[in-house]
Every structure is written in C-alpha cells, then in structure tokens.
Amino acid sequence: MDASSFLHQLVQQLINGISLGSIYALVALGYTMVYGIIKLINFAHGDIYMLGAYAGFFATTILKLSFLPALVFAMVVAAVAGIIIERLAYRPLRNAPRIAVLITAIGVSLLLEYGMMLFVTPQPRTFPAVFSATVYNFGGLIVNSQQVLILVTAVFLMVTLTYIVQKTMVGKAMRAVSYDMDAARLMGIDVDKVISYTFALGSALAAAAGVLVGVYYNSIDPLMGIMPGLKAFVAAVLGGIGILPGAMLGGVLLGVVEAMVSGFFSSTFRDAAAFAILIIILLFRPSGLLGKNIREKV
Amino acid sequence: MFKANAKKWFSIICAGTLMAGLLAGCGGEKKPATSGTIKIGANLEMTGGNATFGKSASNGAKLALKEVNEKGGVLGGRKLELVVADNKSEAAEAANAMQKLATQDKVVAAIAPIASSSVMAGAAVNQSAKILAISPTASNPAVTVDPATNKVRDFLFRATFIDPFQGSVMASFATADLKAKTAAIYVDNSSDYAKGLAKFFRAGFEKQGGKIVIEEAYLQKDTDFKATLTKMKASNPDVIFVPGYYQEVGMIVKQARELGLTVPILGADGWDSAKLPEIAGASALNNTYFSNHYSPDDNSPAVKKFVEAYKKEYNEMPDAFAALSYDATMMIVNAITKANSTDTVKIKDEMAKTKDFPGVSGSITLNETHDAVKSAVIIEMKDGKQVFNKKVNP
C-alpha cells in the first residue's frame with residue numbers, strides 16, 4: 001500500500017469511525033449521567049436504546065411521521081419509560097446495597113429484551129427509508145448524508161445536554177445531587193424528582209441513538225441493544241464514568257479504534273480490541289481519560 | 001371391552017418406559033398394518049427463529065400428500081396423512097419431536113428438520129427406531145455421514161445438494177460467467193454453513209486460476225461493516241463472495257454500495273428471503289447473484305405446475321423450502337410405492353435406490369452418501385426481484 005492510498009484509507013476509516021462513535025457517545029452519555037447521580041451502572045440502558053428504535057419505527061410506519069417528529073416521539077416515549085423504570089425498579093432500592101440495584105438492572109434489561117420479543121416478535125424489522133441516503137464523493141472519500149445526519153444530531157443533542165446541565169436550574173440541581181445527595185436534600189432539592197429528570201434525559205438520548213441507528217443500518221430487533229449497550233459502557237469508562245465530556249470523547253474514540261482495527265488489522269479483532277481497552281483502562285487509569293483520582297467518600 | 005382396556009394399560013406402561021428406548025415393538029403390532037391411513041411424520045421448525053422456513057416446508061409436504069391422496073393414495077387405495085411435530089427451531093427439541101413421531105405416532109417415514117444441527121440431533125432416534133428421515137434442506141455433509149465413524153447413517157437422507165457443490169458452483173460462475181480474476185470473501189464467522197461455503201468457494205476459485213485477495217469475517221448481529229468494506233475496496237477485488245444469512249447480507253450489500261463498491265456480490269441459499277431487498281434496498285442489490293435450489297421463475301413444466309398448485313392452495317409464492325419439502329415428500333411416497341409395503345426398513349432400502357427422480361427442484365439421484373445429486377440455479381437480483389439466471393448441472 002503506497003503512502004497516498006494509505007492516507008486515503010486512514011481518512012475514510014476516520015469518517016466511518018466517527019459516525020459509529022457518535023452513536024456510542026449518545027448511549028454512553030446516559031450511562032454516565034445515571035452513574036454520576038446514583039452510582040448505578042444501569043445495564044438496562046442498552047435496552048432503552050432498543051425501545052427508542054422501536055418507538056421511532058412505529059412512529060414512522062403507523063403514525064406516518066417524518067424523521068424529526070419521529071425522533072422527538074421516540075425520545076419522549078423513552079424518557080417516560082426511563083422514569084417508570086426508575087420509579088418501579090430502582091427507587092424502592094435507593095438505600096439497598098449497590099449490588100442489589102445492579103442485579104435489578106440486569107433483571108430489567110432481560111425483562112425489556114424478552115418482553116419486547118413477546119410483543120413485537122423476535123423477527124428483525126426493516127426501518128422505513130425516512131431519510132434518503134445521498135452519497136457525497138470528495139475525491140474518493142465517501143460520506144453519506146446519513147452519516148452527516150448522525151453527526152449533526154449527536155452534536156446538537158450533546159450541546160443541548162451540556163446547556164441543560166450547566167445553565168439551567170434542573171442542571172444545577174443535578175450537579176448538586178451528584179456532588180452530595182444528602183446535602184442537596186437539606187438545601188431543599190427534591191432529590192427523587194432530580195433523579196427522575198436524569199433518567200428521562202439519559203433515556204431520551206439513548207432513544208435518539210436508537211432511531212439514528214435504525215435509519216442508518218435499516219434493521220432493528222429486540223436484542224439490538226446488548227452489544228451497543230456494552231460498547232457504550234466501555235466508552236463511558238474510557239472517558240471517565242460520571243463525566244459528561246468524557247462520555248462523548250470515549251464514544252468517538254472507541255468508534256475510531258474499532259474502525260481502525262477492522263481496517264488495518266483484522267475484522268475478527270474488532271470486538272476484542274474494544275474490550276481490551278476496557279481492561280487496560282481499568283488497570284492503568286480506573287478513573288478514565290478525563291477523570292480525576294478522588295478518594296471515594298466513605 | 002376388556003381387551004380395549006388392556007391395550008390402554010399397555011400403552012400407558014409403554015409410555016412410561018419411553019425414556020428407556022424399549023419402544024421398538026410397542027403396541028404389540030409386529031407386522032405392519034395392511035389397511036388404514038399411512039402416517040408420515042414431519043419434524044419441522046414450526047415456531048422459533050426459523051419458523052418461516054418450517055411453515056413453508058410443512059405447506060410443501062401437505063400439498064404433496066394432498067395430490068397423492070386425490071389420485072387414490074398408495075398401496076391399493078390407502079391414504080397418506082402428515083403428522084407435524086414442532087421442534088421449536090432447537091436441536092434438543094428436534095430429538096424429542098423425532099422420538100414422538102417414531103413411538104407415539106408410529107410414522108413409517110419422516111421429513112427431517114430444515115437445520116443441519118437439528119437433523120443430526122434426531123439422527124440417533126431414526127437409527128434406533130429404524131425409521132428413515134429425509135431433510136429437505138440440511139446441507140452440512142455430516143448430516144448423512146457420521147463424522148465420528150465416517151460411516152453413512154443408513155436411515156438419513158437429504159433432498160438437497162451439499163455445501164461443497166454450492167461453493168464450487170459460485171466459484172465457477174464467478175470465473176466463467178463474470179470473468180473474475182480476483183475475489184474477496186466476507187464470511188459469517190458464527191455459522192458453520194457459511195464457513196464451509198467459504199472454504200469450498202476458495203478451493204474452487206483457486207482451482208480455476210483465480211486469486212482470493214482478501215478474506216475477512218463478521219459475526220451474526222453485527223451492524224457496521226463499513227470499516228472492513230473500506231479495507232476490501234482498497235484491495236480491488238473483481239467480485240465479493242458473502243456466504244451468510246440475509247439479515248447481515250442485506251446490510252453488507254447496502255453499505256458496500258454506499259462506499260462505492262460496485263463489483264458483483266455473490267452468495268448462496270441463505271440469501272433467499274423477501275426481507276433481503278427491504279434491508280439492502282432494491283437498487284443496491286443490482287449486480288448481485290446467489291445460488292439456490294430452485295427458482296419459481298424457472299419455466300420447466302414441473303416448476304410451473306408446482307407453483308400454480310401451491311399458489312392456489314396457499315395464495316403465496318412457494319420458496320425453496322416449500323419446493324424441496326414437496327420433493328422430499330414425493331420421494332417418500334415413491335419409496336413406499338416401490339417397497340409395496342409399509343415396512344420401514346424396506347422403504348429405507350427403496351429410498352436409497354432413488355435415481356433420476358423427477359422433482360420440482362430438478363432430477364434427483366441419491367449417491368452412496370445419501371446426498372441428492374442435482375442441479376442448482378443461480379438467481380440474479382434485479383430491482384429487488386429474484387430473476388432466474390441459469391441452471392447449473394452437477
């Protein structure tokens with residue numbers, strides 16, 4: 001492979017990686033937000049993403065909505081689902097040992113997967129073409145309009161989220177609860193309400209990712225959330241769990257690494273590379289790329 | 001009255017000893033019945049992941065028996081009846097279903113499951129109960145030849161060609177018809193079927209003087225193939241061979257075309273699904289070809305007659321599963337007629353002698369390893385429709 005074609009490949013793989021990575025980033029944000037506030041790895045998060053994809057699917061096929069309204073619809077459905085799950089499954093365990101909540105999360109995940117299988121059958125569904133794919137060719141570099149759509153939507157949502165968390169009262173309350181739940185309660189913050197908001201926001205972002213994936217890959221099924229859920233978890237840990245910019249960075253980085261590994265080594269090592277990153281990060285920098293080493297409060 | 005009761009008790013005791021496998025002579029009937037309906041079993045995937053395959057296959061078998069019964073049945077006017085047992089698309093259940101057909105329903109022969117692994121799971125039951133099973137579609141060589149002993153399982157048959165043939169058909173098609181000199185292989189690493197096809201495609205392609213420039217792999221449920229396809233594009237193959245199932249194949253074809261890979265993409269019978277054009281998009285599928293057992297567009301009289309009868313009965317187009325299952329059922333009927341008895345061993349002996357049997361999917365001859373030697377068809381996708389391209393004889 002000569003230098004120019006190598007460079008060409010590199011840039012093309014970068015494009016592939018960033019579009020895949022922005023999906024991971026959107027899902028990873030939900031993981032990180034929930035972890036940041038109640039120290040729970042919400043393993044049902046990948047299934048919320050699946051739920052969102054199905055909500056988007058039914059919005060476009062049955063309600064005949066176009067792309068944007070369907071996206072908003074899916075985000076609302078997932079936000080409500082996130083609130084319900086938190087209310088029913090996690091809130092009763094607020095003071096239980098952390099491992100009990102973690103196991104409950106796995107239970108919720110299985111319930112969502114197989115419950116959906118019961119309602120929508122295990123057969124994969126084809127997402128209708130709500131957003132046509134135009135292919136742009138920049139001197140041999142191929143960019144698809146759907147990739148642009150993913151990137152634009154992801155960036156827009158991340159900016160909005162950052163604004164909500166940094167500039168609004170709800171965001172301030174979230175940061176307060178995350179910092180010290182008891183102190184926040186003493187200051188008159190309704191902690192339960194803030195946690196509900198957090199779940200709603202995280203779930204809505206996952207749903208957006210689900211709809212984008214449905215549009216991009218054209219196929220959804222009830223178990224579609226398992227792998228991206230795990231990968232997004234890796235992304236969240238990579239960037240530093242509990243830190244919002246970390247989740248974005250981790251997601252994009254993971255997508256790029258996967259693309260590079262399949263592009264320049266072998267496609268069979270792709271998933272191995274993703275999880276090897278998790279192990280390496282946990283060994284050498286457990287608080288993640290952007291995390292600071294702080295002693296856990298006792 | 002007493003006799004009937006005794007028989008009832010006897011069968012309850014028999015049912016109790018079912019697990020011990022002592023049922024070969026249960027029911028007290030040593031001699032096969034010489035009147036009444038003859039039961040043929042069908043151990044098929046009626047529910048579970050492969051449910052659409054099982055449904056097509058049972059429809060095909062039912063149609064075959066209906067036609068035979070309308071013509072007066074077999075062995076001097078005896079009617080045939082299909083007993084369907086659901087194996088839930090699971091290998092363990094397939095063994096149970098075969099056991100049920102053999103001992104409870106007392107079938108004289110059976111249609112074996114669609115999936116190779118399920119056929120193999122039930123094989124021991126067929127061998128010990130001495131009841132033949134013929135799979136419409138199981139194409140793994142180990143179905144009829146026990147890999148542990150390298151001996152032919154004498155009660156197992158198939159109505160389909162095996163993977164080595166399919167792989168080499170596509171290799172010849174690539175070199176002879178598409179004039180390909182170089183090929184890429186993109187294999188589903190989680191399927192023995194796909195890995196077998198890749199191996200035989202490579203062997204065939206290299207034998208004809210071609211070169212495999214790159215071989216990559218994916219896993220079932222993967223969704224992003226762009227990185228690997230970008231790499232493939234750089235090695236500039238004349239064709240890409242993607243053995244696998246329609247779900248991932250659809251996404252691979254779509255993403256390959258989006259990346260500007262316009263070369264022909266080839267595949268095998270795992271592509272045969274109405275879902276494929278939905279996933280890939282009709283225009284992306286242009287210039288793709290796959291091998292299959294039969295094409296409803298084939299204008300041979302046998303195919304035309306079958307398609308017409310099937311459409312009349314079920315109001316849909318028959319797929320390859322329906323056609324092969326129809327053929328497998330007709331081969332059983334043929335063997336019963338030739339054996340002139342319902343003795344299961346005699347039926348098995350006649351089945352093994354099947355030669356030039358005129359089936360819907362072509363003329364079928366069973367070789368010494370009980371594999372069907374018959375033609376394959378190559379189907380081209382044009383604007384989302386399957387179009388018959390050519391027939392390849394062995």
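Structural remarks
- Selection from region A:132-156 of residues that are within 13 Å of chain B (Cβ to nearest Cβ) and either within 24 Å of the chain's Cα centre (by Cα) or under 16 Å from B:I279 (Cα atoms) (or both): A:S132, A:A133, A:V143, A:N144, A:S145, A:Q146, A:Q147, A:V148, A:I150
- Residues of region A:19-41 classified as closer than 23 Å to B:T223 by Cα and out of contact with any Leu (no Cβ under 7 Å at 6 or more places or on another chain), total: 5
- Against the numbered list (1) closer than 25 Å to A:M248 by Cα; (2) small (G, A, S); (3) exposed (fewer than 12 other Cβ atoms within 10 Å of the Cβ), A:S132 comes up short only at (1).
- Residues of region B:123-137 classified as aliphatic (A, V, I, L, M) and not in a helix (DSSP H, G or I), total: 4
- Selected residue [of a type in the set (A, V, I, L, M, F, W, C) and over 21 Å from the mean Cα position of the chain (by Cα)] from B:L75, B:L101: B:L75
- For the criterion of being hydrophobic (A, V, I, L, M, F, W, C) and either under 12 Å from A:P228 (Cα atoms) or not in a loop (DSSP other than H, G, I, E, B) (or both), A:L29 passes.
- Scope region A:11-54; condition at pLDDT 90 or above, surrounded by fewer than 24 Cβ atoms within 10 Å (Cβ to Cβ) and aliphatic (A, V, I, L, M); matching residues: A:V11, A:L14, A:I15, A:I18
- Selection from region A:190-200 of residues that are part of a helix (DSSP H, G or I) and either more than 14 Å from the chain's Cα centre (by Cα) or buried (at least 24 other Cβ atoms within 10 Å of the Cβ) (or both): A:V191, A:D192, A:K193, A:V194, A:I195, A:S196, A:Y197, A:T198, A:F199
For (1) acidic (D, E); (2) out of contact with any Gly (no Cβ under 8 Å at 6 or more places or on another chain); (3) farther than 29 Å from B:Y246 by Cα, each residue gets a yes or a no:
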position: B:T329; (1), (2), (3): no, no, no
position: B:K338; (1), (2), (3): no, yes, yes
position: B:E380; (1), (2), (3): yes, yes, no
position: B:Q386; (1), (2), (3): no, yes, no
position: B:K390; (1), (2), (3): no, yes, no
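- The selection criterion, being within 14 Å of chain A (Cβ to nearest Cβ), under 28 Å from A:Y136 (Cβ atoms), surrounded by 19 or more Cβ atoms within 10 Å (Cβ to Cβ) and of a type outside the set (V, I, T), does not hold for B:A194.
- Of all the criteria given as (1) over 24 Å from B:V249 (Cα atoms); (2) at pLDDT 90 or above, the one not satisfied by A:G225 is (1).
- Those residues of region B:142-155 which are in contact (Cβ under 8 Å) with a residue 60 or more places away in the chain and either surrounded by fewer than 24 Cβ atoms within 10 Å (Cβ to Cβ) or outside the structural domain of B:K39 (by TED's automatic domain parsing) (or both), in sequence order: B:V145, B:V152, B:R153, B:D154
- Identity of the residue in region B:227-251, more than 10 Å from chain A (Cβ to nearest Cβ) and in contact with a helix residue (DSSP H, G or I) (Cβ under 7 Å, 6 or more places away or on another chain), that ends up surrounded by the most Cβ atoms within 10 Å (Cβ to Cβ): B:P243
- The condition of being away from chain B (no Cβ under 12 Å), in contact (Cβ under 8 Å) with a residue 40 or more places away in the chain and either in contact with a Gly (Cβ under 8 Å, 6 or more places away or on another chain) or not basic (K, R) (or both) holds for only one of A:P222, A:P245, that being A:P245.
- Within region B:348-388, the set of residues being among the β-branched types (V, I, T), in contact with a Ser or Thr (Cβ under 7 Å, 6 or more places away or on another chain) and surrounded by fewer than 19 Cβ atoms within 10 Å (Cβ to Cβ) comprises B:T365, B:T369, B:V373.
- Per the conditions (1) within 12 Å of another protein chain (Cβ to nearest Cβ); (2) part of a loop (DSSP other than H, G, I, E, B); (3) β-branched (V, I, T), the sole criterion not satisfied by B:V263 is (1).
- Subset tally (residues that are of a type in the set (V, I, T), buried (at least 24 other Cβ atoms within 10 Å of the Cβ) and over 17 Å from the mean Cα position of the chain (by Cα)) for region A:233-267: 0
- Residue in region B:41-64 that is over 30 Å from B:Q247 (Cα atoms) and either among the charged types (D, E, K, R) or at pLDDT below 60 (or both) present: no
- Of the listed requirements (1) surrounded by fewer than 19 Cβ atoms within 10 Å (Cβ to Cβ); (2) among the aliphatic types (A, V, I, L, M); (3) within 21 Å of the chain's Cα centre (by Cα), B:V345 misses just one: (3).
- Per-region count, region B:302-342, residues in a helix (DSSP H, G or I) and more than 17 Å from the chain's Cα centre (by Cα): 20
- B:L82 vs. criteria over 21 Å from B:V143 (Cβ atoms) and either in contact with a His (Cβ under 9 Å, 6 or more places away or on another chain) or surrounded by 21 or more Cβ atoms within 10 Å (Cβ to Cβ) (or both): no
- Of the criteria (1) modelled with pLDDT of 90 or more; (2) over 20 Å from A:R91 (Cβ atoms), which one A:I243 fails: (1)
- Failed condition for B:G281, given (1) within 14 Å of chain A (Cβ to nearest Cβ); (2) under 15 Å from B:A194 (Cβ atoms): (2)
- Applying the condition of being modelled with pLDDT under 90 and charged (D, E, K, R) to region B:287-315 and asking which residue is farthest from B:V373 (Cα to Cα) yields B:D297.
- Filtering A:A259, A:A204, A:A236, A:A272 for residues that are away from every other protein chain (no Cβ under 14 Å) and at pLDDT below 95 leaves a single hit, A:A236.
- One residue stands out among those in region B:146-183 that are in a loop (DSSP other than H, G, I, E, B) and among the charged types (D, E, K, R): the one that is farthest from B:T288 (Cα to Cα), which is B:D154.
- Looking across region A:1-42, just one residue is closer than 30 Å to A:S196 by Cβ, within 13 Å of chain B (Cβ to nearest Cβ) and of a type in the set (V, I, T), and that is A:I23.
- The requirement of being surrounded by 14 or more Cβ atoms within 10 Å (Cβ to Cβ), among the small types (G, A, S) and either in a strand (DSSP E or B) or under 18 Å from the mean Cα position of the chain (by Cα) (or both) is not satisfied by A:A89.
The values are calculated or read from the model by the stated rules, or taken from the named source; none is laboratory data. Since this is a predicted model, take the numbers as computed values, not measurements. All Cβ positions, even for glycine, are placed from backbone atoms using ideal geometry, and neighbour counts span all protein chains on display.
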